[in-house]
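Here the structure comes first, spelled out in C-alpha cells, and everything after it is commentary.
The values are calculated or read from the model by the stated rules, or taken from the named source; none is laboratory data. Fair warning: this is a prediction, and the values are worked out from it, not measured in the lab. Positions of Cβ are backbone-derived with ideal geometry, glycine not excepted, and every protein chain shown enters the neighbour counts. These area figures cover heavy atoms from the full protein model, side chains too; ligands, DNA and RNA do not enter into them. Shrake-Rupley method; radii C 1.70, N 1.55, O 1.52, S 1.80 Å.
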Amino acid sequence: QVQLVESGGGLVQAGGSLRLSCAASGSAYIINTMAWYRQAPGKQRDLVASISRDESTNYAESVKGRFSISRDNAKNTVYLQMNSLSPEDTAVYYCKLDARRLYSVTTFTSWGQGTQVTVSS
C-alpha cells in the first residue's frame with residue numbers, strides 16, 4: 001500500500017508564495033502521473049496541475065504562470081511551487097498518484113490526506 005504524506009500548507013498573505021511537497025512511501029511500484037488537486041469549501045475537487053513520468057506537465061488555466069509542478073523520481077516526491085497567491089487559491093490541496101505495481105499490469109490510485117492553504121487578502 002502506498003501512503004502519501006503532504007506538507008507545506010499554511011497561511012500566507014495575498015501575493016505570497018508557498019511550496020507544497022508530497023512524498024510517497026512504500027515499494028514495488030512504478031509511479032506514472034503525480035498531480036495536485038484542490039477543493040474549496042462547498043466546491044468540487046479540481047485538478048491544479050499534473051506531471052507525467054516523462055515530466056510533461058498540465059495546469060489549470062487559473063494557475064498557469066503562477067504555479068509550477070515538479071517531481072523527484074529518486075525520492076518519489078512531487079512539489080507544487082505556488083507564487084502570486086490570491087484568496088481565490090484558498091483550499092485544501094490534495095496530492096494524487098497513479099502507479100503500476102511492479103511485474104504487473106495492475107494500476108492503482110492513491111490520495112494524500114490534504115493540506116490546507118489559506119490566502120488572506
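Each label point was placed 7 Å from the Cα along the Cα-to-Cβ direction; for Phe108 and Ile30 their separation is 1.7 nm. Heavy-atom surface analysis with a 1.4 Å probe gives region 15-121 a carbon and sulfur content of 46 percent of its accessible area. Taking the inverse of the mean reciprocal distance over all distinct Cα pairs, the Kirkwood hydrodynamic radius of region 1-70 comes to 13.9 Å. Accessible surface area normalised per residue over the chain is 53 Å², counting heavy atoms of protein chains with a 1.4 Å rolling probe. When Rg and the Kirkwood radius Rh are both evaluated on Cα atoms of region 42-83, their ratio Rg/Rh stands at 1.01. Normalised by residue count, region 6-121 yields a Cα convex hull volume of 99 Å³ per residue. Taking Lys and Arg as +1 and Asp and Glu as -1, the other residues whose beta-carbon sits under 9 Å from that of Met82 total +1. Given their separation in residues at 0.36 nm each and the Cα-Cα distance between them, Lys43 and Asp72 gain 7.4 nm when the chain is fully extended.
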